[in-house]
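Beneath this line is the structure, given in structure tokens, with notes to follow.
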Amino acid sequence: MTSATARLTEAESSTVRACLERILLSAPFAQSERLQRFLKFVVTETLAGHAERLKGYTIGVEVFDRGPSFDSAIDPIVRVEAARLRAKLREYYDREGRDDPVRLELPKGRYAVRFEERFLRTVSALPIPISREGEATTVTVAPHPPPIEDKPSLAVLPFTNMSSDAEQGYFADGVTDSLITELSRLPDLFVISRHSSFVYRNMDKHVQEIAQELGVKYLVEGSVRRAGNRVRVTTQLIDAASGRHLWAERFDRQVQDILAVEDDVVRRILAVLQVKLTAPDRVRTGHEGTRSLEAHDCLLRGLERFWLSSQQSVEQARAYFARAVDLDPTYSAAHAWLARALAFGWIMYWDPRPDGIDEAHEHARLAVDLDPQLPQAQSILCWVQLWRTRGEAAIVAGWKAVAIDTNDADAHLFLASALCGSGRAEEALPYIEKGMRLNPHPSGFYYFVLGQCYYVLEEYEQALAAFKQGVVLRDVFYPNHYHLCLIYTLFGREAEARAERDTLLRLTGGRKPILRNIYLDEGVSRVTEELARRAGLIE
């Protein structure tokens, strides 16, 4: 008793019918006449040997009372209800039906029921497995991630601003950013992402504790003092286990030499860690971005504003990035970040222009043309191409980004988003998992992409847990709220769906539509739009 096409004995059929009646009377199904009718129809037809009749058109007409002109390619009612049915069956078997002698399953993409006799329950006790091989772990990052054994691992902590002017904090942050970027481009190092490093700004913790939380062996600390045209950078490399300083040095230079100072720091760290540069690695290291200190300064000021992620701060960042491009039209990083700011504003409907994404694409494309080896340029091009519905082009750019910089957490994030948006969620999961290891304190954006993967795979409970965690981390990042509303609507949890909708309308000032549809897979896109309509998120 395992397949949907094999004829069952009368005794086996009787067992299936008894299990069906139990399901129809259970809590997940008792209040949904539509789902009861749907499940009873597909089980009855499958038992009768009519699996070949179970097509979208037949179900739409016979179960959901659509007329003879019904077209399942236009009206997604069957796909939406099938997703609800699968979710309700999982809920039933996780609770009341865990000991049923037969399990009824509706395979994704099919409507003939599969019967599994005396199934073994293998559901993990943890809410969101992020590894499908070996022991599962949760997306809530463990206090002590497993250490990296095959290469030196480090985190660059935020450099302290020692300048008399507190507004020079952006400059100290820029030094930290540059060191993370340059070190992460070397494949023989494991480097923690900016987001997780900056969690420790102004935090009073011992180096051993920080290193354990990040799963690294070494920490880089330092300070920056800027006075007039002079800058002093003090840096130290620490063995976290012993707390011993392996190297420390002070650099006193002209401000215009700051990029050379950063390159010197990178070379000294590599020498202490005995990391040898291959010829390609030498090409990767060093700043080839701009000779304009003013353009670089605008980029740093823009990054400080961008990471606040509000509409106002992103618009301010866009202005700084645009100024950097004006000052140096050949500055690849400035074009890349301008593209990211433009795309973010367009996605969130802060920029109402229909062609806003095309402007973002122009700058992303130019960034790659100016420096094909800049991972940020390739990863941002990946993201922009996804929103331009160029799925394959997005994936190609994402692959290039992670190949150039295996430590770039955002490159893994954007590639996962492109794969998931293209309907390839199984392929996307390892990339978002790797991104979250590089970023052990991930933002709500990372949980959003993880949730999307499970949403596309119709693992809705897993998706709910991810979106909820994203909301906990940053309540104002409303894509997580949006998908929570969709899934609650799918489950028929009206009060929770209404609460999420109210939150969304509050965050967006009542604007509709709220968020653009990222899904290029036709089936996922139709289901998403239908759920959004039911939830009152679109007109």
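Within the bounds of the stretch 37-52, is there any residue that is assigned by TED's automatic domain parsing to the domain that holds G109, at pLDDT below 85 and in a helix (DSSP H, G or I)?
Scanning the stretch 37-52, I find at least one residue that is assigned by TED's automatic domain parsing to the domain that holds G109, at pLDDT below 85 and in a helix (DSSP H, G or I), so the answer is yes.
Of everything in the stretch 219-259, what is out of contact with any strand residue (DSSP E or B) (no Cβ under 6 Å at 6 or more places or on another chain), among the aliphatic types (A, V, I, L, M) and loosely packed, with under 15 Cβ neighbours inside 10 Å? Give them in sequence order.
Selection gives A227, A241.
Looking at the stretch 454-539, what helices (runs of 4 or more DSSP H) fall wholly within it and have at least 2 residues that are under 27 Å from A394 (Cα atoms) and of a type in the set (V, I, T)?
Answer list for the stretch 454-539: 522-535.
Of the conditions (1) part of a loop (DSSP other than H, G, I, E, B); (2) over 21 Å from V524 (Cα atoms), F70 satisfies every one except a single condition; which number is it?
Just one mismatch for F70, condition (2).
For the stretch 242-259, does any single residue satisfy the condition of being charged (D, E, K, R), modelled with pLDDT of 90 or more and under 33 Å from the mean Cα position of the chain (by Cα)?
Checked against the condition, which is being charged (D, E, K, R), modelled with pLDDT of 90 or more and under 33 Å from the mean Cα position of the chain (by Cα), the stretch 242-259 yields no hits at all.
Only residues in the stretch 160-189 that are more than 20 Å from R305 (Cβ to Cβ) count as the first member; pair them with residues that are aliphatic (A, V, I, L, M) and assigned to a loop (DSSP other than H, G, I, E, B), Cβ under 6 angstrom, at least 6 apart or cross-chain, and list the lot.
Taking only residues 6 or more apart or on different chains, the pairs are L183/L189; D188/V275.
Residue-wise test of (1) at pLDDT below 95; (2) assigned to a helix (DSSP H, G or I); (3) not aromatic (F, W, Y).
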{"position": "L366", "(1), (2), (3)": "no, yes, yes"}
{"position": "D369", "(1), (2), (3)": "no, yes, yes"}
{"position": "Q376", "(1), (2), (3)": "yes, yes, yes"}
{"position": "A403", "(1), (2), (3)": "yes, yes, yes"}
{"position": "L413", "(1), (2), (3)": "no, yes, yes"}
{"position": "E427", "(1), (2), (3)": "yes, yes, yes"}
{"position": "M436", "(1), (2), (3)": "yes, yes, yes"}
{"position": "H441", "(1), (2), (3)": "yes, no, yes"}
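Suppose we filter R526, R506, R474 for residues that are under 23 Å from S197 (Cβ atoms) and among the basic types (K, R); which single one remains?
R474
Rundown of residues vs (1) out of contact with any helix residue (DSSP H, G or I) (no Cβ under 8 Å at 6 or more places or on another chain); (2) at pLDDT 80 or above; (3) part of a strand (DSSP E or B), yes/no style:
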position: D65; (1), (2), (3): yes, yes, no
position: E81; (1), (2), (3): no, yes, no
position: R86; (1), (2), (3): yes, yes, no
position: L89; (1), (2), (3): no, yes, no
position: R110; (1), (2), (3): yes, yes, no
position: R121; (1), (2), (3): no, no, no
position: I128; (1), (2), (3): no, no, no
position: S131; (1), (2), (3): no, no, no
position: E135; (1), (2), (3): yes, no, no
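Of these, A240, A248, which one is touching a Ser or Thr at 6+ places or on another chain (Cβ under 9 Å) and farther than 19 Å from N407 by Cα?
Just one listed residue meets the conditions, A248.
Mind counting the residues in the stretch 162-199 that are under 19 Å from D410 (Cβ atoms) and in a loop (DSSP other than H, G, I, E, B)?
First, pick out the residues of the stretch 162-199 that are under 19 Å from D410 (Cβ atoms): 173-174, 176-187, 189-199.
Then keep just the ones that are in a loop (DSSP other than H, G, I, E, B); that gives 185-187, 189, 192-193, 199.
So the answer is 7.
If you scan the stretch 406-447, which residues turn out to be closer than 15 Å to L520 by Cβ and either buried (at least 24 other Cβ atoms within 10 Å of the Cβ) or outside the structural domain of V524 (by TED's automatic domain parsing) (or both)?
Kept after step one, since they are closer than 15 Å to L520 by Cβ, are these residues of the stretch 406-447: 414-425, 427-428.
If the condition is that a residue be closer than 15 Å to L520 by Cβ and either buried (at least 24 other Cβ atoms within 10 Å of the Cβ) or outside the structural domain of V524 (by TED's automatic domain parsing) (or both), then F414, L415, A416, S417, A418, L419, C420, G421, A428 are the ones that fit.
Identify all residues within the stretch 53-63 that are surrounded by 18 or more Cβ atoms within 10 Å (Cβ to Cβ), assigned to a helix (DSSP H, G or I) and over 36 Å from the mean Cα position of the chain (by Cα); write none if there are none.
Listed by number, the list holds a single entry, T58.
State the number of residues belonging to the stretch 321-333 that are in contact with a Phe, Trp or Tyr (Cβ under 8 Å, 6 or more places away or on another chain) and at pLDDT below 95.
Selection size over the stretch 321-333: 0.
Applying the selection to the stretch 505-533, what residues are closer than 21 Å to R493 by Cα and either out of contact with any Ser or Thr (no Cβ under 7 Å at 6 or more places or on another chain) or not assigned by TED's automatic domain parsing to the domain that holds A416 (or both)? Before you say what the answer is, go through the steps one by one.
The first filter runs over the stretch 505-533 and keeps only residues closer than 21 Å to R493 by Cα, leaving 505-506, 514, 524, 526-533.
Those that are closer than 21 Å to R493 by Cα and either out of contact with any Ser or Thr (no Cβ under 7 Å at 6 or more places or on another chain) or not assigned by TED's automatic domain parsing to the domain that holds A416 (or both): L505, R506, V524, R526, V527, T528, E529, E530, A532, R533.
Restricting the search to the stretch 18-43, which residues are exposed (fewer than 14 other Cβ atoms within 10 Å of the Cβ) and either among the hydroxyl-bearing types (S, T, Y) or free of Cβ contacts under 8 Å to residues at least 12 places away in the same chain (or both)?
A18, E21, L25, A30, E33
With respect to G215, is the statement that it is under 32 Å from the mean Cα position of the chain (by Cα), within 13 Å of F159 (Cβ to Cβ), at pLDDT 90 or above and small (G, A, S) true? Explain how you work it out, then say what you get.
Numbers: under 32 Å from the mean Cα position of the chain (by Cα): yes; within 13 Å of F159 (Cβ to Cβ): no; at pLDDT 90 or above: yes; small (G, A, S): yes.
The answer is no for G215.
The values are calculated or read from the model by the stated rules, or taken from the named source; none is laboratory data. Remember, predicted model here, so these are calculated numbers, not experimental data. Counting neighbours? That spans all protein chains shown, and the Cβs are built from the backbone with ideal geometry, glycine included.
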